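K.L.:
Pasting in a structure now, in structure tokens, and then I'll have a few things to ask.
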Amino acid sequence: MKYVYILESEDSEHFYVGITDDVPARLAKHNAGEVAHTSKYRPWRLKTYVAFSDEKQAFAFEKYLKSGSGRAFAKKRL
């Protein structure tokens with residue numbers, strides 16, 4: 001399974017979209033500062049995640065969520 005996840009910083013001003021095989025382990029890495037892009041906005045909490053059995057669909061959904069319309073969709077619906 002692949003999981004597309006959305007993290008929200010504790011200040012609720014920053015969001016991060018990613019993809020992983022293990023959501024709890026990935027969240028721990030973000031909060032430990034091991035991910036350069038997210039380290040300055042710690043701590044993070046998991047806002048939502050979606051499971052995919054098809055890896056190709058997971059990567060396509062992650063790419064969509066990182067687009068302008070995908071960010072608007074996530075903000076309104078997820």
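The values are calculated or read from the model by the stated rules, or taken from the named source; none is laboratory data. Quick caveat, the model's predicted, so the values are computed rather than measured. Virtual Cβ from ideal backbone geometry, glycine too; neighbours counted across all protein chains shown.
K.L.:
Taking region 44-71 as the search range and keeping residues that are in a helix (DSSP H, G or I) and hydroxyl-bearing (Ser, Thr, Tyr), which one is farthest from PRO24 (Cα to Cα)?
P.N.:
Residue satisfying both the conditions and the ranking: SER69.
K.L.:
Got a number for residues in region 32-78 being in contact with a helix residue (DSSP H, G or I) (Cβ under 6 Å, 6 or more places away or on another chain), touching a residue at least 40 places away in the same chain (Cβ under 8 Å) and of a type in the set (Phe, Trp, Tyr)?
P.N.:
Going through region 32-78 one residue at a time, the tally reaches 2.
K.L.:
From the residues in region 25-45 that are over 21 Å from SER67 (Cβ atoms) and within 12 Å of the chain's Cα centre (by Cα), which one is surrounded by the fewest Cβ atoms within 10 Å (Cβ to Cβ)?
P.N.:
Per the stated criteria, the residue is ARG45.
K.L.:
Please go through region 9-31 and pick out each residue that is at pLDDT 95 or above and out of contact with any helix residue (DSSP H, G or I) (no Cβ under 9 Å at 6 or more places or on another chain).
P.N.:
ASP21, ASP22, VAL23, PRO24, ALA25, ARG26, LEU27, ALA28, LYS29, ASN31, listed by residue number.
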